[in-house]
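To start, the structure itself, in C-alpha cells.
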Amino acid sequence: MSYYREFYDDVLRQNPVSEGDPLFDAHQLVSQFVRESENTNYFRYIHEPTDITYNAVGKRIGKLITTEKVCLVRALLQQSEWIRKLHRLPDWKQRYRELPKRLDVECGDTIRAGLSFLLRRKMPLVRDDVYGLCGCVNRLAPWSHISAMNLPGLFVKRLADYTKTSDLDEELVKLVTETSVLLRKTTKYSDSKKYARQLESLVGAVPLCMIKPGEAWSDIAIADLEKLETSEKKNWLKLLDCCECSSEGTHAGWIKHAKVSYDQVDPDVFKRFMLRWLPLVSKPRTQPKSTRFRFQPNPDFLILDSHQDILKGLVRCCVFSNDIEIIRALTPLAISAFKKVRHKGARALKVGNACIYALGEIPCMNAVGQLAVLKSRLNSKAAQREIDTALAAAAKRKEISRDEIEEIAVPTYGLTYVGVLRQELGELTAELTVHGSKPEIRWIKPDGKSQKSVPAAVKRDFGDELKELKLAAKDIEKMVPVQAARIEQVYLQQRSWELPQWRAQYLEHPLVGTLARRLIWSFETGGKKVSAFYCDGCFVHNDNAPLEDLADDTTVTLWHPLDESIDDIIAWREWLLEHEVQQPFKQAHREVYLLTDAERNTGVYSNRFAGHVLKQHQFNALCAARGWKNSLRLMVDATYPPAHMVLPNWNLRAEFWVEGAGEEYGVDSNETGTYLYLTTDQVRFYRDEAALNWAQVGDGDYSSTGPDEEENHPLALEEIPPLAFSELLRDVDLFVGVASAGNDPNWSDGGPEGRYRDYWTSYSFGDLGNTAQTRKAILERLVPRLKIAERCTFSDRFLIVRGDKRTYKIHLGSGNILMEPNDAYLCIVPGQSVHKGADAVFLPFEGDRTLSIILSKAFLLAEDTKIKDATILSQINHQPTVQP
C-alpha cells in the first residue's frame with residue numbers, strides 16, 4: 001500500500017460514516033474519486049485549472065444531477081475538515097514520521113479539485129454549506145496552490161448567489177470578514193486582494209488598512225488615519241483600498257472607480273495629507289532592514305510594492321484636486337522616485353511614472369511647467385519617454401504643437417512685471433525680484449527703506465502669504481535654468497516667431513522676459529536683417545544706436561555668432577561687458593565649430609574629439625541633459641548603439657562613437673559591472689531614417705550591417721548645415737571638456753594601474769580647445785579689472801599667478817595647476833577651499849563652472865600666505881629636489 005493510501009485510509013478510519021447517513025453515498029463516491037486520482041497520479045502538485053473528468057470516477061461526477069452535486073460538495077467539505085484535524089493531532093509527527101511530508105496537501109489537493117469542479121455551476125447551497133466553504137477558503141488563504149483551484153473566486157460567486165435569496169447572519173459575516181483579511185495579507189496569489197474586496201462588498205465590511213509601518217511616510221499616514229472620525233476614516237480606507245488596486249484592471253475603469261472614492265473624502269483633508277505624506281516618501285525607512293547578500297539593494301531606501309501601488313493611486317487622484325501646492329509636491333516626489341538605488345535601478349518606478357502622468361493630465365499650465373522641470377532634472381530614458389508622452393497629450397488637448405505648449409506653459413508665479421512681484425502685506429510691501437537665476441525677496445517699509453530679513457509683523461499676521469511667497473521664489477529658482485536650457489535648444493529647432501507672438505511669449509513674459517532681455521535677437525523685415533538687444537525700454541544695436549520701430553510682420557530669431565562678422569561679434573562682447581550683462585548661456589561668447597582641412601580629408605567623419613577618456617556616468621548624464629540618447633555600457637557580451645542625437649527639422653542624426661575602457665572587472669567597472677570609463681572615437685552624421693550603428697561593448701568597430709539591415713551610408717561633412725554641425729560638435733566638446741578624466745585633479749596617478757597617465761598629463765596641460773580658447777579670451781578681459789591683476793599674467797595655455805611662496809600656472813582648459821620652479825603638480829579639489837573673492841567677479845554668461853574654478857584658484861593662490869588648508873600647504877611647502 002502506498003504512503004498516500006495509508007494516510008487517506010487513516011483519515012476515513014477516524015471518521016466513520018454509517019449507512020444511514022444522508023451523505024453516505026456521497027462519501028463513498030469521494031473515496032473512490034480520491035483513490036482513482038492517486039492511481040492516475042494526476043492531482044498531485046496541480047499547476048493548471050483542474051478537470052476531474054480525466055478519470056472514470058470524475059466522469060461519473062460530471063453526470064450527477066444538481067441535488068447529488070450539492071451532497072457531494074458537503075461530503076468533500078467534511079473530508080477536507082477531517083484531513084485538517086488529523087494534521088493538527090499532537091502525535092501527528094510521531095505517527096507519520098516515516099511518511100513523506102505534505103501528504104495532507106496531496107490528499108487535500110484532490111478534495112479541493114473536486115470542489116473547484118463542482119462550484120463552477122450554480123447550486124442551491126444552504127447556510128452550513130456556505131459556512132463550510134468559507135472555512136475551507138480561510139484555511140487555504142496563505143497557500144500558493146489555491147490559484148490553480150480558484151476556490152476564493154468560486155466562493156465569491158457562490159456567496160453572491162446565496163446573498164440574493166438569504167441574509168448573512170452575524171457569525172457568517174464575521175467569518176467572511178476574516179477570510180477577506182487573510183486574502184489581503186497573502187502575497188502568493190495574484191487575485192487574492194481582488195476577491196477580498198468583493199467579499200468586503202458583499203458583507204459591507206470596512207476595508208483593511210494595508211499601509212504598514214516602517215517607512216517615514218507610512219508612519220505618519222497611519223497616525224493621521226487614526227485621528228479621523230469613524231465615518232471619515234471609513235471613506236479614507238475605501239480610497240486607499242481603491243489606490244492599492246491601481247495596477248489592476250483597465251486604466252479608464254480604475255479612474256472611474258477612484259473618482260467615486262475621492263468624492264467621498266474631504267478635499268481639504270486630502271490636500272493636507274498629500275502635503276504631509278508625499279515629501280516623506282524620499283526619506284529612508286524608520287525601521288531599518290539588514291541586507292543578507294552583498295549585491296542586494298539597500299532595503300532602507302526601497303518602498304514596499306504594496307506601498308508603491310497605494311502611492312501610485314494617491315498621485316493619480318491628485319488629478320481630481322488640481323491644487324497648485326499639490327502640483328508642486330509632485331515634482332520632488334518624481335525626482336526621488338526615479339533616483340537610482342544600487343543593484344535595483346529606479347527607487348519607485350510606479351510612483352515616478354504616476355507623477356508624470358498626473359502632471360500631464362492636470363488641466364493647468366503650472367503642471368506642464370513642472371513637467372519641463374522634470375525633463376531637465378531626470379536622466380532616465382524611461383522617464384524622458386513618459387514626459388514626452390505627457391507633454392504630447394497636453395499639447396493635443398490644447399490643439400497646439402509640442403514646442404508651443406512648452407512656450408505658453410511657463411507659469412508667471414504671480415510676477416506682475418518682468419522679473420518683479422509686489423504684494424502689500426499690511427503697512428509693508430513684499431518685493432520679489434529675479435536677478436539672473438536667483439530670486440530675491442526684500443521688504444519695503446512705509447518710509448521707503450528696505451530690509452532683507454522677514455519682519456516680525458509679517459511672520460505674525462501674514463503666515464500664509466509669506467509661505468506662498470517663499471514657495472514662489474523656490475519655484476522660480478528651479479524654473480529659470482529650465483527655461484534657459486529650452487531657449488538654447490531653439491538653435492537646433494530652427495524656431496522663429498512673428499514679432500507680436502515673440503513679444504507676448506518672450507520679451508513681455510514676467511518670467512521668460514528675465515532671460516529674453518539678456519539675449520541678442522535678430523529681426524528680419526522685408527529681407528533686411530539686424531541684430532539688437534533690449535535695453536531701457538527699447539532695442540539697440542551694439543553701437544548703442546536705437547532700432548527704428550519694428551513692423552508686426554517682422555520675423556524674430558535667436559542671434560547666433562556663426563552668421564555674423566568677427567567685428568560684429570567682438571562689438572557685442574564689448575557691449576555686454578560694458579553694460580555688465582550676464583547672459584543665461586553662452587551666446588555672444590559662443591564657440592563656433594567650422595569644418596577643418598583634416599575633416600575635409602576624412603570626408604565622412606571627424607576625429608576632432610577622438611582619443612579621450614571620459615567618466616561614463618558623467619558622460620551619460622550630460623547626454624541626457626543635452627537631448628542625446630545613450631546607454632550605460634556594461635562589461636558583458638552585448639552590443640550598444642553610439643551616443644546619438646536626432647534633428648528632425650534637418651532629417652539628420654549625429655553619432656558619437658564611444659567604447660568601454662578596460663577589461664578587468666571590479667577595477668575598470670563598478671560592482672554592477674558598469675564601465676567606469678569610456679574612450680572616444682569618431683563623430684559621424686546620417687539621415688534620420690538610416691539604420692543605427694551598433695558595436696560590441698569594449699570594441700569600437702561600429703557597423704549597421706546585419707541579417708535584417710542594409711549597410712547605411714554616412715553623410716559627407718560638407719553636406720551638413722553649418723549651424724547643425726557647429727552646435728552638435730559643441731555638444732561633443734562639452735562632453736569631453738566636462739567628463740574627461742583629465743579634469744579630475746585626483747587622477748594625476750593615471751587612473752587604474754597608471755595606464756592613462758600620459759593621457760591625463762597631455763589633457764591637463766596640453767593645447768587649448770575651442771571652449772578653453774574662449775575662456776582665455778574672457779579672462780584676458782576680466783583679470784585686469786581684479787584686485788589680483790598685478791599678480792597675474794598669461795601664457796599660451798596658462799593663467800600664471802604669482803604668490804608669495806611660489807608661482808602657479810593654472811591650465812585654462814582643465815583648471816589643473818603646476819608650481820614653479822619645477823612644474824610640480826598642485827592638487828586642489830574644487831570646493832576644497834573656495835575663495836569668496838571669486839563670487840564677486842562679473843562673468844559675462846552663466847554655466848561655465850571651470851571658469852569659476854580657475855578664478856577661485858587664482859584668488860586663493862595670489863594670497864598663498866593666508867591658506868590654512870593643511871593638504872594644500874603641504875604641497876606648496878614641499879621643497880623641490882635640486883638636480884646636480
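A short reminder: the numbers here are calculations on the coordinates, not readings from a lab. In this text the structure is predicted, and so the values were computed from the model without any measurement. Reconstructed Cβ throughout: ideal geometry from the backbone, glycine too, with neighbour counts over all protein chains shown.
Using a cut-off of 9 Å between beta-carbons, work out the net charge of the residues near Asn693 (Lys and Arg +1, Asp and Glu -1, Asn693 not included).
0
Going by how many other beta carbons lie within 10 Å of each one, how would you line up Thr871, Thr286, fewest first?
Fewest to most other Cβ atoms nearby, the residues stand as Thr871, Thr286.
Considering Cα pairs under 8 angstrom that are at least six residues apart, work out the relative contact order of the range 489-606 and quote it in whole percent.
Relative contact order here is 25 percent.
Full-extension gain between Thr433 and Val490, please, as 0.36 nm times their residue separation minus the C-alpha to C-alpha distance.
17.9 nm is the gain from fully extending Thr433 to Val490.
Given +1 on the Cβ of Lys and Arg, -1 on the Cβ of Asp and Glu, and no further charges, what dipole in debye does the range 518-590 carry about its Cα centre, rounded to the nearest 20?
Roughly 360 debye for the range 518-590.
Evaluate the charge dipole of the chain about its Cα centre and quote only its size in Debye, nearest 20, assuming +1 on the Cβ of each Lys and Arg and -1 on the Cβ of each Asp and Glu.
3280
At most 11 other Cβ atoms within 10 Å plus a DSSP loop assignment makes a site exposed; report the longest stretch of the chain without any exposed GluC sites (Glu not before Pro).
Looking at the chain, 712-884 is the longest stretch - no exposed GluC sites (Glu not before Pro) with at most 11 other Cβ atoms within 10 Å.
What is the sum of charges, Lys and Arg at +1 and Asp and Glu at -1, for the other residues whose Cβ falls under 12 Å from the Cβ of Glu468?
It works out to a net charge of 0.
When the Kirkwood radius is taken over all Cα pairs of the range 518-590, what Stokes-Einstein diffusion coefficient follows at 37 °C and 0.692 mPa s, in µm²/s?
260
Scaled to the compact-protein estimate 2.2 N^0.38 Å, what is the alpha-carbon radius of gyration of the chain, rounded to two decimal places?
Cα-based Rg divided by the globular estimate yields 1.25.
From Cα pairs below 8 angstrom and at least 6 apart in sequence, can you work out the relative contact order of the range 658-803, rounded to a whole percent?
Once normalised by length, the contact order is 13 percent.
For the chain, what does -39500 (n - 2.57) per DSSP helix run (n ≥ 4), summed and divided by total residues, give at 222 nm, in deg cm²/dmol to the nearest 500?
-14000 deg cm²/dmol
Among Asn670, Leu550, Gln582, whose Cα projects farthest towards the positive end of the dipole of the chain, with charges put on the beta-carbon of Lys, Arg (+1) and Asp, Glu (-1)?
After comparing all options, I get Asn670.
Which entries in Lys271/Lys445; Lys259/Lys396; Lys227/Lys474; Lys339/Lys857; Lys350/Lys629 show an alpha-carbon gap greater than 27 Å?
Lys271/Lys445; Lys227/Lys474; Lys339/Lys857
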